[in-house]
Amino acid sequence: MVMDRMKQYWLLARFDKPIGILILLWPALWALWVASDGKPDSFVLFIICAGVVLMRAAGCVINDYADRDFDPHVERTKQRPIAAGKVSPKEALLLFVVLCLTAFVLVLQLNLMTILLSFVAAFLAASYPFMKRYTHLPQAYLGIAFGFAVPMSFSAQTGSIPAVAWVMYLLVMLWALVYDTMYAMVDKDDDLKIGVKSTAILFGDKDREIMAGLQLVIIFLLIVIGQMQQLGSIYYTSVVVAFGLSVYQQKLIFNREKALCFKAFLNSNYFGLVVFIGLVLDYLNNA
């Protein structure tokens, strides 16, 4: 019985699907490497990584709690623990609180600025799931929430948030808007039936063109970061590869097939990885 409860909580927190952890983790790692000139403090690195894992899990739990009346009517989500009746809403809220408190205990080991920023991050994570009821831009709000790992990482590493951090924050907001719109394209038909709002619906027939434009802005911002930090050819090679991945994602979503839209979303993980590898190798090369 206990093992079954633990399994359901594990599934509710999406620990069985690490893609969400990775997509949230890459920007935090980008920020730490840039903030530290390629030499992040090991303790700060551990706290930030652990915090990302815990808050992503907390976000998944509160998301399923918020969507408990919607998920049973969506093909992709109807087997989630709350929707399937395997975890009660009260249990989900308790798990959410436990995850958030655990993350907060970790943040308390960092400086005051980062501790204060953590309250904003927690608010964004808790409120995001409810945005799809009130706006067609929940994916943009997700970007604001996910991107907050950037100023927190800079703050934790250096005690400040320089201009390059805000450029990176904007980049991550737009990146999340793009990949989460691809994710929303999978559920578009179901969302239209049940009244859930998304950018996939808002963008309509212009979804591919809008995302392509945003992807070009993202690549431009990566170049701006490289210029601001005086990064070298290895980093810019990774930006070229990232651009190639963006083109590939556009190819995947061209016919708006659900399976391929989801594949494009998953491919975003490689985008984040490639940029991170470029940063790491470039800093090592210039060490």
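We did not get these values from a lab; they are worked out from the coordinates using the rules stated. Keep in mind the model is a prediction, meaning the values are calculated, not measured. Virtual Cβ from ideal backbone geometry, glycine too; neighbours counted across all protein chains shown.
List of remarks:
- Taking Cβ atoms as reference points and 11 Å as the exclusive limit, the residues near Phe15 contribute a net charge of +3, counting Lys and Arg as +1 and Asp and Glu as -1.
- Reachable aspartates and glutamates, given that their alpha-carbon falls under 18 Å from the alpha-carbon of Lys7 and they are not under 8 places away in the same chain: Asp16, Asp64, Glu91
- Unit charges at the beta carbon, dipole of the chain: most positive-side option, Met6, Leu22, Tyr270: Met6
- Segment 2-285, relative contact order in percent, only Cα pairs under 8 angstrom and at least six apart counted: 21
- Dipole in debye (nearest 20) - the chain, about Cα centre, beta carbon charges: Lys, Arg +1; Asp, Glu -1: 440
- Only one residue of Tyr128, Gly147, Pro81 has its Cα farthest out toward the positive end of the dipole of segment 2-285, where Lys and Arg carry +1 and Asp and Glu -1 on Cβ, and that residue is Pro81.
- When each of the peptides 23-34, 256-267 is scored by the mean number of other C-beta atoms lying within 10 Å of its residues, the order from highest to lowest reads 23-34, 256-267.
- Residue-by-residue Karplus 3J(HN,Hα) for segment 202-213, coefficients 6.51, -1.76, 1.60, Hz, glycine and proline x: 4, 6, x, 6, 9, 4, 5, 5, 5, 5, 4, x
- Label-to-label distance, Arg68 versus Thr102, with points set 7 angstrom from Cα along the beta-carbon direction: 2.1 nm.
- Phi to ³J(HN,Hα) by Karplus 6.51 cos²θ - 1.76 cosθ + 1.60 over segment 263-274, Hz, x for Gly, Pro: 5, 5, 4, 4, 5, 4, 4, 5, 4, x, 5, 4
- Counting only DSSP H runs of at least 4 residues, each contributing -39500 (n - 2.57), and dividing by the residue count of the chain, the helix-based mean residue ellipticity at 222 nm comes to -25000 deg cm²/dmol.
- For the chain: rounded, prolate or oblate by the Cα gyration tensor [a/c cutoff 1.5]: oblate
- The simple Förster model, with R0 at 25 Å and r as the Cβ-Cβ distance, assigns Lys251 and Lys206 a FRET efficiency of 0.90.
- If you take all other residues with their beta carbon under 15 Å from the beta carbon of Lys90, and give Lys and Arg +1 and Asp and Glu -1, the sum is +1.
- Residue pairs exceeding 24 angstrom between C-alpha atoms, taken from Lys39/Lys263; Lys17/Lys258; Lys197/Lys258; Lys86/Lys188: Lys39/Lys263; Lys86/Lys188.
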